[in-house]
Amino acid sequence: MEYTFDQAAALLNMGRNTLIRRLREEGMLGTDNLPTSRWRGRGVFRVITKMYRHPVAGYIHYGRTVITVKGLNAVSRKLRLAQHQPEGSRNRASWVN
């Protein structure tokens, strides 16, 4: 399962903009909201690439960052918050790294 910044912020009891600002301060996200090189390929974030057709510039490619379940736990540890336990695994400790 993957979470948008809106969903992740709600699960971590904070606002979307606050979450993004804190992730930038911790060096997890760049100014473009894409993961920094240190956090790429770790299974914490996933970038979904999309494109749209701009009437003047033509096709524009962009990336949308989502947070994985593993990433939600890593983010909560990094930001010193209580860990999030995903739905359906309340009785198991397999989600903890």
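Among residues of the range 39-61 that are free of Cβ contacts under 8 Å to residues at least 60 places away in the same chain, those with a beta-carbon under 6 Å from a residue that is among the basic types (K, R) and surrounded by 10 or more Cβ atoms within 10 Å (Cβ to Cβ) at least six positions away or on a different chain give the pairs G43/K70; I48/R64.
If you scan the range 44-65, which residues turn out to be touching a helix residue (DSSP H, G or I) at 6+ places or on another chain (Cβ under 8 Å) and among the aliphatic types (A, V, I, L, M)? Hit for the range 44-65 is V44, nothing else.
All of the numbers you see were taken from the coordinates with simple rules; none came from a lab. From a predicted model like this one, the values you see are computed outputs, not experimental measurements. Glycine gets a Cβ as well: all are built from the backbone with ideal geometry, and neighbour counts include every protein chain shown.
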